[in-house]
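One structure is given below, encoded as structure tokens.
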Amino acid sequence: MNQNRPIRVALLGAGSVGSQVARILLENAEELAARVGAPLLLTGIAVRNVDAKRDVDLPKELFTDDAERLILGSDIVIELMGGIDPAKHLISLALSTGADVVTANKALVAAHGPELFDQARRVGAQLTYEAAVAGAIPIIRPLRDSLAGDRVERILGIVNGTTNFILDRMHTRGDSLEEALRIATELGYAEADPTADIGGYDAQQKAAILASIAFHTEVPVELVHREGITEITIEQIERAKAAGFVVKLLAICERVTGSDGVEGISARVYPALVDEQHPLASVHGGNNAVFVQAQAAGDLMFYGAGAGGVETASAVLGDLVSSARRRVNGGPGLGESTHADLPVLEVGEITTRYQIILEVHDRPGVLAEIAKVFSDFGVSVSTLEQRSAGAQDGAPAGPSAESAEGGATLVIGTHAATERALSALAEALAAHEASRRVTGVLRVEGAL
Ligand SMILES: NC(=O)c1ccc[n+]([C@@H]2O[C@H](COP(=O)([O-])OP(=O)(O)OC[C@H]3O[C@@H](n4cnc5c(N)ncnc54)[C@H](O)[C@@H]3O)[C@@H](O)[C@H]2O)c1
Ligand SMILES: N[C@@H](CCO)C(=O)O
Ligand code: NA
């Protein structure tokens with residue numbers, strides 16, 4: 001029998017995630033109490049509209065539209081409303097009373113994490129956010145605790161379920177981006193405004209959070225280079241497939257040395273070609289995976305559901321149990337360490353590889369002219385494939401209508417070079433009089 005007083009838990013938000021958290025809290029109350037050493041008492045659920053119809057049947061008397069009142073007197077506040085306002089104010093209010101806070105709000109943690117962590121530290125409270133990155137997959141805690149004695153070198157993550165679902169559908173079924181997004185939204189993966197997903201903003205926030213923890217450095221979200229998937233075409237996907245690649249939206253966080261020899265870090269998000277043999281290539285649907293390379297541990301892969309209400313509720317409840325145990329047993333709150341304070345280098349400084357698909361005039365000397373552009377920019381070609389108009393390569397459409405009148409398509413893979421040199425090269429190729437059209441420029445990541 002449990003002798004400890006109940007832990008008072010307030011829930012803010014009862015949407016996809018919040019309603020599942022409430023359901024599990026109520027259904028598994030006995031088991032959770034046994035694990036914590038005290039009952040977890042759900043004191044209320046703050047929502048916008050108490051009468052709204054919900055997918056999960058929860059006791060009506062728990063609902064309130066007065067979040068501030070609910071927070072006062074709580075031991076732990078779970079924020080699952082999303083957005084910056086009023087979530088930030090409410091979390092700050094909760095921390096000011098000494099309550100621990102659990103949140104899944106990556107937008108808030110990425111933009112205002114440091115000030116909230118500071119506030120938590122000052123009052124000896126704990127602010128945890130396992131669900132904010134890669135949903136159900138344990139990744140925050142492994143990076144912060146399990147790998148705290150190692151040196152993380154690189155993280156390569158598929159951290160947005162919506163875009164992974166879309167790219168996977170485009171790759172495996174030839175769906176359009178719009179059609180695949182519609183289904184991802186129905187499945188509850190997409191953000192309220194799906195621009196956050198397809199524009200890469202959600203992954204950018206997650207990359208900022210991952211890089212901050214992995215490299216013990218505050219990484220402001222605006223220093224994370226971001227490109228979304230809105231420009232990706234079925235043609236690019238098919239070309240990638242024919243060349244043995246898949247297109248994935250990657251969050252990449254790594255230690256890098258800048259051109260001036262300064263050690264720093266890079267955090268960036270963009271769609272990239274991944275070799276079909278790479279473990280990240282087999283991450284399908286709305287799943288996420290985070291591939292971590294650490295000095296002593298070597299390669300680690302964390303894989304599972306990165307989105308979805310009930311799956312994400314698992315991560316929220318894990319944080320809740322952690323805070324509740326601390327309430328029962330005492331001890332300091334988990335804190336963030338930012339002692340390394342490494343500079344975040346601009347994307348131009350990083351080294352990567354490109355695959356460029358270029359439609360050129362099919363006439364003598366074109367290859368030599370194109371090769372000269374590469375050498376002018378100091379970029380070396382690693383693979384070159386030329387396809388004449390109408391060649392069967394498994395790719396649809398391929399050469400444009402124009403190229404049927406005597407054009408050819410070049411698929412050029414580069415060796416590693418700086419992003420600055422590669423992007424200047426791609427621009428010069430597009431402007432070159434031998435070229436008709438650049439149909440695709442994608443980085444190649446995840447060398448095997
Ligand atoms: N859905 C997922 O798969 C997923 C996965 C990981 C993280 N997250 C994060 O979890 C959080 C919640 O996501 P969700 O999908 O459950 O959202 P949702 O839109 O389904 O639910 C939001 C809930 O918050 C309430 N709410 C919003 N603004 C409010 C306000 N001003 N006052 C009172 N109540 C308010 C709404 O009434 C609703 O009950 C977000 O931060 C999201 O980024 C979601
Ligand atoms: N919209 C997000 C939800 C999980 O953070 C995604 O698709 O991954
Ligand atoms: Na997680």
If unit charges are put on Cβ atoms (+1 for Lys and Arg, -1 for Asp and Glu) and the dipole of the chain is taken about its Cα centre, the option from Thr418, Ile183, Leu62 lying farthest towards the positive end turns out to be Leu62
Can you tell me which of Ala52, Ala426, Ala272 moves the most in a GNM of the chain? Springs connect C-alpha atoms under 10 Å apart.
Ala52
Is any residue of segment 203-221 close enough, with backbone N under 12 Å, to a label point placed 7 angstrom from the Cα of Leu300 along the Cα-Cβ axis, and if so, which?
214
Taking the chain as the reference, fit the longest principal axis to its C-alpha atoms, fit the long axis of helix 87-96 to the helix C-alpha atoms, and give the angle between the two in degrees, 0 to 90, nearest 10.
40 degrees
How high is the relative contact order of segment 140-305, in percent, counting Cα pairs under 8 Å that sit 6 or more residues apart?
33 percent
Find how much the distance from Val262 to Glu235 grows on full extension, using 0.36 nm per residue of separation minus their present alpha carbon separation; answer in nm with one decimal.
5.8 nm
Could you work out how far apart the two model spin labels at Ser176 and Ala424 are, taking each label as a point 7 Å from the Cα in the direction of the beta carbon, and quote it in nm?
4.0 nm
What GluC sites (Glu not before Pro) in segment 185-241 are in a loop by DSSP, with at most 15 other Cβ atoms within 10 Å of the Cβ?
Glu231
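Per DSSP H run of at least 4 residues, take -39500 (n - 2.57); add these up for the chain, divide by its residues and hand me the 222 nm value, nearest 500 deg cm²/dmol.
-10000 deg cm²/dmol
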Percentage relative contact order, segment 213-345, counting C-alpha pairs under 8 Å, at least six apart:
30 percent
Whole Å is fine, so just give me how far the alpha carbon centre of segment 63-125 lies from that of segment 421-435.
49 Å
Over the chain, how many pairs of lysines fall under 18 Å by alpha carbon, counting only those 8 or more apart in sequence or from different chains?
4
Charge dipole (debye, nearest 20) of segment 140-305; +1 at Cβ of Lys and Arg, -1 at Cβ of Asp and Glu:
340 debye
Gaussian network model of the chain, springs between alpha carbon atoms under 10 Å - residue of Arg239, Arg268, Arg363 with greatest fluctuation
Arg363
If I fit a long axis through the Cα atoms of helix 106-123 and take the longest principal axis of the Cα atoms of the chain, what angle between them do I get, 0 to 90°, rounded to 10?
40 degrees
Percentage relative contact order, the chain, counting C-alpha pairs under 8 Å, at least six apart:
16 percent
Between segment 170-235 and segment 344-385, how many Å separate their Cα centres?
28 Å
Can you classify segment 49-137 as rounded, prolate or oblate using the Cα gyration tensor, where a ≥ b ≥ c are the square roots of its eigenvalues, rounded means a/c under 1.5, and otherwise it's prolate if a/b beats b/c and oblate if not?
oblate
Considering only DSSP states other than H, G, I, E and B, which GluC sites (Glu not before Pro) in segment 29-85 qualify as loop sites with at most 10 other Cβ atoms within 10 Å?
none
Taking the Cα centre of the chain as origin and charging only Cβ (+1 Lys, Arg; -1 Asp, Glu), how large is the dipole, in debye to the nearest 20?
1000 debye
Using alpha carbons only, how many degrees (0 to 90, rounded to 10) separate the axis of helix 419-431 from the longest principal axis of the chain?
50 degrees
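Taken together, the values in this text are just the output of simple stated rules run on the coordinates, not laboratory data. Predicted, not measured: the structure shown is a model, and the values here were computed from it. FYI the Cβ positions are ideal-geometry reconstructions off the backbone, even for glycines, and counts take in every protein chain you see.
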